[in-house]
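Undergrad: First, the structure itself, so that you have it in front of you.
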Amino acid sequence: MKILMMTTNPVTISFVQAVLKESEIECFVFDEHVSIMEGSIGAIPRRVMVIDEDYSDAVDAMEAMELGHEVYRDN
């Protein structure tokens, strides 16, 4: 799995999930429960993950929706 993006913004995560679903790319949100345990103050970013084979398609989908600046590039 690869990190597609990391953010503390739940609205951005929701939008990215919708974009990927529309592109038929399955994604997983990691660290949701950790952020709840810390009181949802936004100190710990959540990670949106995709399988390795879908990573380039997921990046393309994000760039098409002008979310390329959100892509985590240190995989």
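Undergrad: Among what's in the stretch 14-60 and is modelled with pLDDT under 95 and in a helix (DSSP H, G or I), pick the residue that is farthest from Arg73 (Cα to Cα).
TA: Per the stated criteria, the residue is Met37.
Undergrad: Search the stretch 59-75 for residues that are touching a residue at least 24 places away in the same chain (Cβ under 8 Å) and closer than 15 Å to Phe15 by Cβ and pair each with any residue that is part of a helix (DSSP H, G or I) and β-branched (Val, Ile, Thr) when their beta-carbon atoms are under 6 Å apart and the residues are at least 6 apart or on different chains.
TA: Filtered contacts from the stretch 59-75: Ala61/Val19; Met65/Val19; Val71/Val59.
Undergrad: Further question on the same structure: Please name all residue pairs, on different chains or six or more residues apart, with Cβ atoms under 6 Å, provided the first residue is in the stretch 43-57 and is surrounded by 14 or more Cβ atoms within 10 Å (Cβ to Cβ) and the second residue is among the aromatic types (Phe, Trp, Tyr).
TA: Final answer for the pair search is Arg47/Phe30; Met49/Phe28; Met49/Phe30.
Undergrad: Still on this structure: Only residues in the stretch 14-29 that are closer than 14 Å to Met49 by Cα count as the first member; pair them with residues that are among the basic types (Lys, Arg) and surrounded by 16 or more Cβ atoms within 10 Å (Cβ to Cβ), Cβ under 9 angstrom, at least 6 apart or cross-chain, and list the lot.
TA: Phe28/Arg47; Val29/Arg46; Val29/Arg47
Undergrad: From the set of residues in the stretch 61-75 that are among the aliphatic types (A, V, I, L, M), under 13 Å from the mean Cα position of the chain (by Cα) and outside any helix (DSSP H, G or I), which is nearest to Phe30 (Cα to Cα)?
TA: Once the filter is applied, the top-ranked residue is Val71.
The values are calculated or read from the model by the stated rules, or taken from the named source; none is laboratory data. Just so you know, these numbers come straight off a predicted model, no measurement behind them. FYI the Cβ positions are ideal-geometry reconstructions off the backbone, even for glycines, and counts take in every protein chain you see.
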